[in-house]
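There's a structure below that I have some questions on.
The values are calculated or read from the model by the stated rules, or taken from the named source; none is laboratory data. Computed from a predicted model, the values in this text were never measured in an experiment. Backbone-built Cβ (ideal geometry, glycine too); neighbour counts: all protein chains shown. Remember, those area values only see protein heavy atoms, side chains included, never the ligands or the DNA or RNA. Shrake-Rupley method; radii C 1.70, N 1.55, O 1.52, S 1.80 Å.
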Amino acid sequence: MRIGELAARAGTTTRALRYYEARGLLPARRDTLGHRAYDEGDLRLLRQIRTLREAGFDLEETRPFVECLRAGHPEGDTCPASLAVYRRKLDELDALVAELTAARAKVAGQLARAERARDALAAGAEVPGGPQPLCESGGEGL
């Protein structure tokens, strides 16, 4: 098949295919007229790349999966190098989750502190002569 058909079947663009070819992820075969020529195996490679990219893998991280398919394995993630990439990606994601969990806890603590401060101001406003807090917009009350 030609580049346009492969791009359409893979749900990508011809520009992306040329880029993958330049990066060595997609073979650069030509037919007798000099047009790029692809087969069903190339479509499998592209589907593997797209699946991984959608899961957050960068393009270079897809290389072991592509090489695994090119080596004749039925799946691109059954080779040791592919499994190692999965493990690294999980470690990376675990670190991001921990970072986000810590950030969430900090924001939740700040919110709780701010709500307590607001409640204390409101309680003081109910006392005759107590402070009347102003919002940033210049309006009174809470």
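Residues with beta-carbon under 12 Å from that of ALA98, excluding ALA98: net charge, scoring Lys, Arg +1 and Asp, Glu -1? Mind dumping the intermediate values first?
On the way: positive: ARG104; negative: ASP91, GLU92, ASP94, GLU99.
Combined, the nearby Lys, Arg, Asp and Glu give -3.
Most mobile of ASP42, ASP31, ASP94 per a Gaussian network model of the chain (Cα springs, under 10 Å)?
Highest fluctuation among the options: ASP31.
Considering only protein heavy atoms and a 1.4 Å probe, what is the carbon-and-sulfur percentage of the accessible area of the chain?
Details: 5310 of 9430 Å².
Reported share for carbon and sulfur atoms: 56 percent.
So which residue, out of ALA28, ALA117, ALA95, gets the largest mean-square fluctuation from a GNM of the chain using Cα contacts under 10 Å as springs?
Per the Cα network of the chain with a 10 Å cutoff, ALA117 tops the list.
Residues with beta-carbon under 14 Å from that of ARG15, excluding ARG15: net charge, scoring Lys, Arg +1 and Asp, Glu -1? Let's see the in-between values first.
On the way: positive: ARG18, ARG23, ARG36; negative: GLU21.
Taking every other residue near ARG15 into account, the sum is +2.
Still on this structure, please answer the following. So how do VAL66, VAL107 rank on accessible area, 1.4 Å probe, biggest first, that is with the largest at the start? Intermediate results must be reported in sequence, preceding the final value.
On the way: VAL66 0, VAL107 100 Å².
Of VAL66, VAL107, the descending order of accessible area is VAL107, VAL66.
Return the calculated 222 nm mean residue ellipticity for the chain, to the nearest 500 deg cm²/dmol, obtained by summing -39500 (n - 2.57) across DSSP H runs with n ≥ 4 and dividing by the residue count.
On the way: 5 runs with 86 residues, N = 142.
When only DSSP H runs of four or more count, the value is -20500 deg cm²/dmol.
Right, here's the next one. Test of the criteria: in region 7-47, which trypsin sites (Lys or Arg not before Pro) are in a DSSP loop and have at most 14 other Cβ atoms within 10 angstrom of their Cβ? The partial results should precede the final answer.
Values: sites: ARG9, ARG15, ARG18, ARG23, ARG29, ARG30, ARG36, ARG44, ARG47; in loops: ARG23, ARG29.
Passing both the DSSP loop test and the Cβ count: ARG23, ARG29.
With springs only between Cα atoms under 10 Å, which of LEU69, LEU111, LEU45 fluctuates most in a Gaussian network model of the chain?
Of LEU69, LEU111, LEU45, the most mobile in the Gaussian network model is LEU111.
Further question on the same structure: Mind checking the full-extension length gain between GLU5 and TYR86? Use 0.36 nm per residue of separation minus the Cα-Cα distance, one decimal, nm. Could you put the intermediate results ahead of the total?
Working: separation 81, 0.36 × 81 = 29.16 nm, distance 3.07 nm.
Difference between extended and current length: 26.1 nm.
Charges on Cβ only, +1 for Lys and Arg, -1 for Asp and Glu, centred on the Cα centroid of the chain; of CYS79, LEU26, PHE57, which one is farthest towards the dipole's positive end?
Farthest towards the positive pole: LEU26.
Also: Calculate log10 I(q)/I(0) of the chain for q = 0.09, 0.17 Å⁻¹, where I(q) comes from the Debye formula with a single equal point scatterer on each Cα and nothing for solvent.
The calculated log intensity ratios at q = 0.09, 0.17 Å⁻¹ are -0.51, -0.96.
Right, next: Over the chain, calculate the relative contact order: mean separation of alpha carbon pairs under 8 Å at least 6 apart, over the residue count, as a percent. The partial results should precede the final answer.
Details: 101 pairs, mean separation 15.9, N = 142.
Result for the chain is 11 percent.
Could you give the accessible area per residue of the chain, probe 1.4 Å, as a whole number in Å²?
With all protein chains present, the chain gives 66 Å² per residue.
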